[in-house]
Amino acid sequence: MKRNPRKVKWTKAYRKLAGKELAEDATFEMERKRNRPEKYDRELVATTVKAMKRIKEIRVARQDRFWEARMAGSKERQRAADRKELEEEIHLVKAPGAMAKDAEKKKVRVVAEDMEQDA
C-alpha cells in the first residue's frame, strides 16, 4: 500500500513539514554527498576533522534550542491538564468517607457565610 510520506507521522518529511525538526540549517549543507574524487593532504584532513566536531556541537546546540522553543508552553499545558484530571477523578484518590466529610465542611462554611451576610 502506497502512502504519502508527508502524512505518515514517522517519516522525516512529516516531521519537517509539521515543524518537529529543523528543516533548514547550514550544518546540513556539510553532510551532502559529493561524487568528485578529492586530493587530500594531512593538514586538510586534520582541520576537516576538527571542523566536523565543531559543526556537530553547533548542530546539537541548535537542535536543543529548537526543542526548547517548541516545548516552551508545554509544561503549563501539562500542569493544567493534570490539575483538570485530578479534579475530575478525585474519587479515585480520596476515600468516599473523606469526600463526605469535605462536603459537610463546605456546607457548614456556606451556611456560616450566609448567616454572616444576613447579619
Inset, instruction - Answer yes if at least one residue in the range 83-93 is of a type in the set (V, I, T) and either open to solvent by 100 Å² or more (accessible area, probe 1.4 Å) or under 22 Å from K20 (Cβ atoms) (or both), and no otherwise. - result: yes
Legend entry - Residues within the range 13-33 that are part of a loop (DSSP other than H, G, I, E, B) and at pLDDT below 75, tallied: 8
Legend entry - Which numbered condition A46 misses (of (1) open to solvent by 100 Å² or more (accessible area, probe 1.4 Å); (2) more than 15 Å from E24 (Cα to Cα)): (1)
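The values are calculated or read from the model by the stated rules, or taken from the named source; none is laboratory data. Since we're looking at a predicted model, the values are computed, not measured. Every residue, glycine among them, receives a Cβ derived from its backbone with ideal geometry; neighbour counts consider all protein chains shown. The protein model used for the area step is the full one, side chains on, heavy atoms only, and it has no ligands, DNA or RNA in it. Shrake-Rupley method; radii C 1.70, N 1.55, O 1.52, S 1.80 Å.
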